[in-house]
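Asker: One structure coming up, written as structure tokens, with questions to follow.
The values are calculated or read from the model by the stated rules, or taken from the named source; none is laboratory data. The model shown is predicted, which means the values in this text are computed figures rather than measured ones. Cβ: placed from backbone, ideal geometry, glycine included. Neighbour counts: every protein chain shown.
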Amino acid sequence: MKDLNKYIDQTILKPETTEKDILEFLDGVKKHKFCAAVINPCWVELVSKNLPNGIKVCSVVGFPLGASSTKNKTFATEDLITKGCDEIDMVMNIGRFKGKDYKYVSKEIKEVVKAAQGRIVKVIIETCLLTDDEKGAAANIVKQSGAKFVKTSTGFSKQGANIKDVKMLRQIVGPDFGVKASGDIRDYAFVMELINSGANRIGTSTGVKIMEELKRTAL
């Protein structure tokens with residue numbers, strides 16, 4: 001697939017990640033010119049200084065549980081923007097959502113969007129913890145709250161992205177809204193299934209491997 005790299009948010013979010021790991025990770029990001037480099041907040045300044053123009057710096061808010069306070073999430077977002085972040089991947093407050101406190105969830109997303117000062121905000125709804133009806137409700141809240149993407153998973157819960165959920169989310173949010181598939185995406189064939197099902201962004205820690213697979217398929 002042409003321009004597959006522009007679909008990929010290459011991630012490195014393990015807690016044991018070192019500065020050496022980050023710099024090696026950036027070598028792959030720059031080589032393949034991925035859409036974004038996704039890192040934990042403590043690495044944003046380092047990454048923003050070492051990425052060329054055209055590759056976005058993305059970091060996470062309320063990650064991976066989503067249970068931080070709204071004030072904590074908005075402050076974190078403002079801090080990340082100040083340090084050079086181009087995109088924010090926030091985790092929805094899943095407990096509040098499952099308790100049907102939709103007003104709280106919507107207000108929190110709106111506050112983070114405001115704190116992001118026009119940068120793209122993607123909202124992780126952690127699909128593996130939701131029923132199908134809840135996935136639909138969550139996607140609608142995300143769309144109506146000013147974010148630009150609904151995202152399937154953190155990669156730290158029971159299950160990552162699957163085809164059924166991506167198709168459902170695409171159907172709910174329509175053709176012009178962002179759907180990011182993430183979690184347990186490890187090979188080129190699965191990436192193409194997800195894209196063909198409606199994902200227009202892929203979050204994975206194995207983007208380099210996937211691009212190498214693509215290269216082999218083109219030979």
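Asker: Please state which one of Gly62, Gly95, Gly66 is of a type in the set (Gly, Ala, Ser), modelled with pLDDT of 95 or more and out of contact with any helix residue (DSSP H, G or I) (no Cβ under 7 Å at 6 or more places or on another chain).
Answerer: On the way: Gly62 fails: out of contact with any helix residue (DSSP H, G or I) (no Cβ under 7 Å at 6 or more places or on another chain); Gly66 fails: out of contact with any helix residue (DSSP H, G or I) (no Cβ under 7 Å at 6 or more places or on another chain).
Just a single option satisfies the conditions, and that option is Gly95.
Asker: Further question: Can you tell me how many residues in region 94-111 are closer than 12 Å to Ser68 by Cα and either out of contact with any Phe, Trp or Tyr (no Cβ under 7 Å at 6 or more places or on another chain) or of a type in the set (Gly, Ala, Ser) (or both)?
Answerer: Summing the residues that are closer than 12 Å to Ser68 by Cα and either out of contact with any Phe, Trp or Tyr (no Cβ under 7 Å at 6 or more places or on another chain) or of a type in the set (Gly, Ala, Ser) (or both) in region 94-111 gives 3.
Asker: If you don't mind, there's one more thing I want to ask. Picking from Glu87, Glu45, Glu108, which residue would you name as being touching a residue at least 12 places away in the same chain (Cβ under 8 Å) and surrounded by fewer than 18 Cβ atoms within 10 Å (Cβ to Cβ)?
Answerer: Details: Glu87 fails: surrounded by fewer than 18 Cβ atoms within 10 Å (Cβ to Cβ); Glu108 fails: surrounded by fewer than 18 Cβ atoms within 10 Å (Cβ to Cβ).
Being touching a residue at least 12 places away in the same chain (Cβ under 8 Å) and surrounded by fewer than 18 Cβ atoms within 10 Å (Cβ to Cβ) holds for just one of Glu87, Glu45, Glu108, which is Glu45.
Asker: Of everything in region 26-42, what is surrounded by fewer than 22 Cβ atoms within 10 Å (Cβ to Cβ) and either of a type in the set (Asp, Glu) or assigned to a helix (DSSP H, G or I) (or both)? Give them in sequence order.
Answerer: Scanning region 26-42 gives Leu26, Asp27, Gly28, Lys30, Lys31, His32, Pro41, Cys42.
Asker: Would you confirm, using the coordinates I've provided, whether Lys164 is farther than 25 Å from Lys2 by Cβ, without any contact (Cβ under 8 Å) to a residue 24 or more places away in the chain and in a helix (DSSP H, G or I)?
Answerer: On the way: farther than 25 Å from Lys2 by Cβ: yes; without any contact (Cβ under 8 Å) to a residue 24 or more places away in the chain: yes; in a helix (DSSP H, G or I): yes.
Yes: the conditions hold for Lys164.
Asker: Taking region 69-95, which residues are touching a strand residue (DSSP E or B) at 6+ places or on another chain (Cβ under 9 Å), of a type outside the set (Val, Ile, Thr) and under 16 Å from Phe156 (Cα atoms)?
Answerer: Asp89, Met90, Met92
Asker: Considering each residue of region 182-193, count those that are in contact with a Phe, Trp or Tyr (Cβ under 9 Å, 6 or more places away or on another chain) and either surrounded by fewer than 15 Cβ atoms within 10 Å (Cβ to Cβ) or without any contact (Cβ under 8 Å) to a residue 60 or more places away in the chain (or both), and give that number. Don't jump to the end; show me each part of the working.
Answerer: From region 182-193, those in contact with a Phe, Trp or Tyr (Cβ under 9 Å, 6 or more places away or on another chain) are 183-184, 191; that's our starting set.
Adding the requirement that they be either surrounded by fewer than 15 Cβ atoms within 10 Å (Cβ to Cβ) or without any contact (Cβ under 8 Å) to a residue 60 or more places away in the chain (or both) leaves 183-184.
Total meeting the criteria: 2.
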